[in-house]
Structures are given as structure tokens and as C-alpha cells.
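Structure first, then comments.
Only the coordinates and a few stated rules stand behind these numbers; no lab work does. All figures in this text were calculated on a predicted structure; none of them were measured in a lab. Here the Cβ is made from the backbone with ideal geometry for all residues, glycine too, and neighbour counts use every protein chain on show.
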């Protein structure tokens, strides 16, 4: 009677029970078939030689990096030495310039005016002399050109 009411329910419960009973051995069989096989043990001598070669390679890479660091450090040290020497030269120039400024500030104003008068008079005289020399050069070059044409040497 119960079977007639729930025919599918009975079949489903039966299938579940059979699946539970058979699932453990089947699962173990599947795991055994597809499980990875354990690796073969590598002898210690081969492991040591592999580790030694890896260590040697790493040591060489560290040596290369240390050489590069040393080179960069030396370059920076040279640059720092150069900058320090340039800085000391500039400091000396600054001291000299400050001394000149102080000396110029201590010169009396009358002396500066007298020096300015002396240089302006000399500049005016030299300007006149320059104009006279220019005019003389034009006249002389013209006379030479005329003489060369007259004697047909040009």
C-alpha cells in the first residue's frame, strides 16, 4: 500500500542506500587509479651536487651585484669629492667678492667722483682721436686707389 502511494520515493531511497554502501570502495579505487605516484627518492649525493651548483650560481650573482655596488659607490665618491672642491672654490670667491664690496663701500665718495671725471675726459679725447684716424684712413685708401688706376696697376 505504501508502495502504491509513493512508488518513486521507495526507488529513490533504495538507490541512495546502494550508493552509500558502494561509494566508499569505488571512491578508494578511483583515488588509487588517479592519485599521483610517489616520487622516487633522489640520492643524497645528487641532492648535494644540485644544491652546491645552485649555491655557486647564487654566489656568482652576488659577486656581480657587489661589484656593481662598489662601482656605483666609487663614482658617487668621486662626484662628492669634485663637488666639495667646487664648493671650496666658490666659498673662496665669495670671500674675495665680499672683501671687494667692503673695500668699495669704504672708498670716499669724493675719490669716486674724481676718478669718474678723469675717465670721462680721457674718453672724449680718445673719441676725437678715433674719428681723425678713421678720416685719415679713408683719405689714404682713396688716394692709393686713384694712383693704382692712373698707373693701371689695379
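Could you give the nm distance between label points at residue 90 and residue 47, where each point is 7 Å from its Cα heading toward the beta carbon?
Taking the two extended label points, one gets 6.3 nm.
Starting from the 7 Å offset along Cα-to-Cβ, what nm value, one decimal, do you get for the label separation of residue 119 and residue 14?
That separation, rounded to one decimal, is 12.8 nm.
With the Cα gyration tensor of region 66-110 giving a ≥ b ≥ c as the square roots of its eigenvalues, does the rule (a/c under 1.5 for rounded; else a/b larger than b/c for prolate; else oblate) give rounded, prolate or oblate? The partial results should precede the final answer.
Working: a/c = 11.20, a/b = 10.30, b/c = 1.09.
Because a/c hits 1.5 or more and a/b exceeds b/c, region 66-110 counts as prolate.
Taking 0.36 nm per residue of sequence separation and subtracting the Cα-Cα distance, how much length would be gained by fully extending the chain between residue 110 and residue 71, in nm to one decimal?
On the way: separation 39, 0.36 × 39 = 14.04 nm, distance 6.19 nm.
Full extension from residue 110 to residue 71 adds 7.8 nm.
Distance in nm between label sites at residue 55 and residue 127, each 7 Å beyond Cα in the beta-carbon direction?
With each label point 7 Å from Cα toward Cβ, the separation is 9.2 nm.
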